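Engineer: Take a look at the following structure, please.
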Amino acid sequence: PELYRLYTQGTYYISKNTKEDFSRALKCFNDAMAVDPADPLPYLGLALGYSNAGHSSPVAEDASNRAKSYALKALELDSTLADAHVVLATRYLYTEWDFPKAEYHLRRAIELNPNNPSAHYTYGWYYSLNNRIDEAISEIKRSVEIDPTDVTAQGYLAWIHFYFGNFEEALEESRKLLQLDQNNSLAYYLMGSAYAEMGMNYEAIEMNTKGVS
């Protein structure tokens, strides 16, 4: 119970994407390892935290390499951890550009847990980078269907529409994102960018000004 408490507390802190909270999370995970060094959860928590940091936040140095290392350690202890496979897929997809390995780990993650939102939306971006538009949108829609409250999944659904030039759909999905989080800067960025592409410059300036604030 104590290990699980530390793991969940660490997961909470690390998801906040600030340097201070990241440090708090590291302490939680290290304390959890001290309880039981053979339990995979603390390593998984570190893998997920460093993976997110390496992809979207400057809270940790050498984050991508550390994410890969911790994911491999977690899988060494428990090969059925779907999230660890997603971490490896993220590394192979965005850093090493090894698409076959990325797809292998995404397929494995979905096989282990078909209801894992991050596996589906990462698979969506895999398809987008291969210009498989319908499959890309379908996978990210699936992640939103699994968890309609997942801000990342909803944000990616708006983003994938913008990425492929579906600007009206990008606006619609961005508005849904703001319903989940009224201060979401990604939503304002996507709305501003969509308006700009549509020639609606005053609306674009308004949205991006809100995003900056």
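The values are calculated or read from the model by the stated rules, or taken from the named source; none is laboratory data. Computed from a predicted structure; not experimentally measured. Cβ: placed from backbone, ideal geometry, glycine included. Neighbour counts: every protein chain shown. Ligands, DNA and RNA are stripped out before the accessible areas are found, and what is left, the full protein with its side chains, is counted by its heavy atoms. Shrake-Rupley method; radii C 1.70, N 1.55, O 1.52, S 1.80 Å.
Engineer: Tally time: how many residues in the stretch 105-136 are in contact with a Phe, Trp or Tyr (Cβ under 6 Å, 6 or more places away or on another chain) and among the basic types (Lys, Arg)?
Structural biologist: Summing the residues that are in contact with a Phe, Trp or Tyr (Cβ under 6 Å, 6 or more places away or on another chain) and among the basic types (Lys, Arg) in the stretch 105-136 gives 0.
Condition check ((1) in contact (Cβ under 8 Å) with a residue 24 or more places away in the chain; (2) closer than 24 Å to Arg24 by Cα; (3) among the hydrophobic types (A, V, I, L, M, F, W, C); (4) in contact with an Asp or Glu (Cβ under 7 Å, 6 or more places away or on another chain)) across all residues:
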| site | (1), (2), (3), (4) |
| --- | --- |
| His55 | yes, yes, no, no |
| Asp62 | no, yes, no, no |
| Ser69 | no, yes, no, no |
| Ala74 | yes, yes, yes, no |
| Ala84 | yes, yes, yes, no |
| Tyr94 | yes, no, no, no |
| Asp98 | no, no, no, no |
| Ala102 | yes, no, yes, no |
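Engineer: Here's something else I'd like to know. Could you please give the count of residues in the stretch 86-101 that are assigned to a helix (DSSP H, G or I) and farther than 10 Å from Leu44 by Cα? Before you say what the answer is, go through the steps one by one.
Structural biologist: Let us first name the residues in the stretch 86-101 that are assigned to a helix (DSSP H, G or I), namely 86-94, 99-101.
Okay, now just the ones that are also farther than 10 Å from Leu44 by Cα, so 86, 88-94, 99-101.
Total meeting the criteria: 11.
Engineer: Could you check Thr152 against (1) under 14 Å from the mean Cα position of the chain (by Cα); (2) β-branched (Val, Ile, Thr); (3) at pLDDT 95 or above and say which number it fails?
Structural biologist: Only one criterion is unmet by Thr152, namely (3).
Engineer: Going through the stretch 28-42 one residue at a time, which ones are of a type in the set (Gly, Ala, Ser), in contact (Cβ under 8 Å) with a residue 24 or more places away in the chain and surrounded by fewer than 21 Cβ atoms within 10 Å (Cβ to Cβ)? Outline the logic, then answer.
Structural biologist: If we filter the stretch 28-42 for residues that are of a type in the set (Gly, Ala, Ser), which is where we start, we get 32, 34, 38.
Within this subset, residues satisfying the condition of being in contact (Cβ under 8 Å) with a residue 24 or more places away in the chain are 32, 38.
Scanning the stretch 28-42 gives a single hit, Ala38.
Engineer: Considering only the stretch 86-107, state which residues are buried (at least 21 other Cβ atoms within 10 Å of the Cβ), more than 17 Å from Tyr127 (Cβ to Cβ) and of a type outside the set (Val, Ile, Thr).
Structural biologist: Within the stretch 86-107, Leu88, Arg91 meet the criteria.
Engineer: Across the stretch 1-27, what is the number of residues that are open to solvent by 80 Å² or more (accessible area, probe 1.4 Å), within 19 Å of Gly54 (Cβ to Cβ) and not in a helix (DSSP H, G or I)?
Structural biologist: Residues in the stretch 1-27 being open to solvent by 80 Å² or more (accessible area, probe 1.4 Å), within 19 Å of Gly54 (Cβ to Cβ) and not in a helix (DSSP H, G or I): 1 in total.
Engineer: Do any residues in the stretch 167-179 that are touching a residue at least 12 places away in the same chain (Cβ under 8 Å) and over 11 Å from Gln154 (Cα atoms) have Cβ atoms under 8 Å from those of residues that are surrounded by fewer than 19 Cβ atoms within 10 Å (Cβ to Cβ) and not aromatic (Phe, Trp, Tyr), where the two are at least six apart or on different chains, and which pairs are they?
Structural biologist: What qualifies is Phe167/Glu197; Phe167/Met198.
Engineer: Of the residues Glu145, Glu173, Glu139, which is of a type in the set (D, E, K, R), in contact with a Phe, Trp or Tyr (Cβ under 8 Å, 6 or more places away or on another chain), at pLDDT 95 or above and closer than 28 Å to Asn113 by Cα? Walk me through how you get there before you give the answer.
Structural biologist: Values: Glu145 fails: in contact with a Phe, Trp or Tyr (Cβ under 8 Å, 6 or more places away or on another chain); Glu173 fails: in contact with a Phe, Trp or Tyr (Cβ under 8 Å, 6 or more places away or on another chain).
Going through Glu145, Glu173, Glu139 in turn, the sole match is Glu139.
Engineer: Name the pairs whose Cβ atoms lie under 6 Å apart, with the first residue in the stretch 125-149 and over 16 Å from Glu169 (Cβ atoms), the second surrounded by fewer than 18 Cβ atoms within 10 Å (Cβ to Cβ), and 6 or more positions between them or separate chains?
Structural biologist: Listed by first residue and then by second, the contacts come to Tyr127/Glu135; Ile146/Asn115.
Engineer: When you look at Ala47, is it under 15 Å from the mean Cα position of the chain (by Cα), open to solvent by less than 70 Å² (accessible area, probe 1.4 Å) and aliphatic (A, V, I, L, M), yes or no? Walk me through how you get there before you give the answer.
Structural biologist: Values: under 15 Å from the mean Cα position of the chain (by Cα): yes; open to solvent by less than 70 Å² (accessible area, probe 1.4 Å): yes; aliphatic (A, V, I, L, M): yes.
Against the criterion (under 15 Å from the mean Cα position of the chain (by Cα), open to solvent by less than 70 Å² (accessible area, probe 1.4 Å) and aliphatic (A, V, I, L, M)), Ala47 qualifies.
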